[in-house]
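Before any comments, here is the structure.
The values are calculated or read from the model by the stated rules, or taken from the named source; none is laboratory data. Model, not experiment: these values are computed from the prediction. Here the Cβ positions follow ideal geometry from the backbone for every residue, glycine too, while neighbour counts run over all protein chains shown. Accessible surface areas use protein heavy atoms only, side chains included; no ligands, DNA or RNA. Shrake-Rupley method; radii C 1.70, N 1.55, O 1.52, S 1.80 Å.
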Amino acid sequence: MPTRTARTAWTGTLQDGSGQVELTSSQIATYDVSFPKRAAEEAGGTTSPEELIAAAHSSCYAMQLSALVAEAGGTPVALDVQADVSLGPDPAGGFRLTGIALTVRGEVEGLDAAGFEKAAQDAKAGCPVSKALTGVDITLDAALEG
């Protein structure tokens, strides 16, 4: 399996500085980052490590869930996965990820609600990004729609 790369160029201090995150492997985008905007309620046109982790987690989880739904005999028609990643103070000092809330709504043929819930929980446990984030409390809200 390949290794994927991103890089960040940063100038200045934490409070006054800023940077750009480049998605190097895909070469599809470069995004601005800054700590004041990271800590603000409004992102103001910048991204953050938490948003990038949310993107990684939601996409990885969707792939894992689609595989497990198929393994369980279902057909995933549509999966809508949202990952909300929270940043907060770390009692040991600094900041830490304080939680990740995964929400998935699925349109699936061939599985009932219990089968979908089992696949959703198994995907949460088996997704490589979930495994990498074992130090963070990850919750899951999964339901069928349609």
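Structure summary
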{"read-out": "Residues of the stretch 63-107 satisfying the condition of being in contact with a Phe, Trp or Tyr (Cβ under 7 Å, 6 or more places away or on another chain) and free of Cβ contacts under 8 Å to residues at least 12 places away in the same chain", "value": "Gly88, Pro89"}
{"read-out": "Helices (runs of 4 or more DSSP H) completely within the stretch 35-146 that count 2 or more residues being surrounded by fewer than 16 Cβ atoms within 10 Å (Cβ to Cβ) and either more than 19 Å from the chain's Cα centre (by Cα) or hydrophobic (A, V, I, L, M, F, W, C) (or both)", "value": "35-39, 49-71, 113-126"}
{"read-out": "Count - residues of the stretch 1-33 that are of a type in the set (Ser, Thr, Tyr) and either assigned to a helix (DSSP H, G or I) or modelled with pLDDT under 95 (or both)", "value": "0"}
{"read-out": "Considering residues of the stretch 1-34 that are of a type in the set (Val, Ile, Thr) and open to solvent by 90 Å² or more (accessible area, probe 1.4 Å) only, the residue farthest from Ile53 (Cα to Cα)", "value": "Thr11"}
